[in-house]
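Down below is the structure, laid out as structure tokens.
The values are calculated or read from the model by the stated rules, or taken from the named source; none is laboratory data. Predicted, not measured: the structure shown is a model, and the values here were computed from it. Here the Cβ is made from the backbone with ideal geometry for all residues, glycine too, and neighbour counts use every protein chain on show. Each accessible area value is taken on the protein alone, full model and side chains, heavy atoms only, with ligands, DNA and RNA left out. Shrake-Rupley method; radii C 1.70, N 1.55, O 1.52, S 1.80 Å.
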Amino acid sequence: MATDPSSVPVMPPAPSEADIAGFVVERFLPGLDACELDPEYDLLATAVIDSLAVLHIAAWLTDEHGVDLPDEELVGRNFRTVRAIRATAGRAMAGKGRS
């Protein structure tokens, strides 16, 4: 018996680095263009974001992209850069946590 393709849930893609950079710039770096934010720029060391901002980003990932991050993923190294945020979201969507 074949599986009905309409009954198989479709997982949306994880947010792109451009999506994440756009949110970070809009929320925490007004006046900068999102394409100017290097995906490896250290957002924590430069005080662009702090622990409260990590929670804001996690909430945005949930609200806008359906990414539910387990508590153990809400650590600084997972939000240090746009690229790290993208990787964290990808792991969460794949069901693979890493703290």
All positions within region 58-74 that are part of a loop (DSSP other than H, G, I, E, B) and not aliphatic (A, V, I, L, M): Gly66, Asp68, Pro70
List pairs: first in region 25-37 and surrounded by fewer than 17 Cβ atoms within 10 Å (Cβ to Cβ) and in a loop (DSSP other than H, G, I, E, B), second of a type outside the set (S, T, N, Q) and at pLDDT 95 or above, Cβ under 8 Å, 6+ apart or cross-chain? Leu32/Val25; Asp33/Val25
What do you reckon, is Leu55 modelled with pLDDT of 95 or more and in a loop (DSSP other than H, G, I, E, B)? no
Starting from region 68-92, keep only residues that are under 12 Å from Ile49 (Cα atoms) and of a type in the set (A, V, I, L, M, F, W, C), then list their pairs with residues that are open to solvent by 20 Å² or more (accessible area, probe 1.4 Å) and in a helix (DSSP H, G or I) whose Cβ atoms are within a distance under 8 Å, requiring at least 6 positions of separation or different chains. Val82/Glu17
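Conditions (1) of a type outside the set (A, V, I, L, M); (2) more than 18 Å from Ser16 (Cα to Cα); (3) touching a strand residue (DSSP E or B) at 6+ places or on another chain (Cβ under 8 Å), marked per residue:
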| position | (1), (2), (3) |
| --- | --- |
| Ala47 | no, yes, no |
| Leu52 | no, yes, no |
| Ala59 | no, no, no |
| Asp68 | yes, no, no |
| Asp71 | yes, yes, no |
| Arg80 | yes, no, no |
| Ala84 | no, no, no |
| Ala87 | no, no, no |
| Gly90 | yes, no, no |
For region 38-97, name all the residues that are exposed (fewer than 11 other Cβ atoms within 10 Å of the Cβ) and at positive phi. Ala47, Gly95
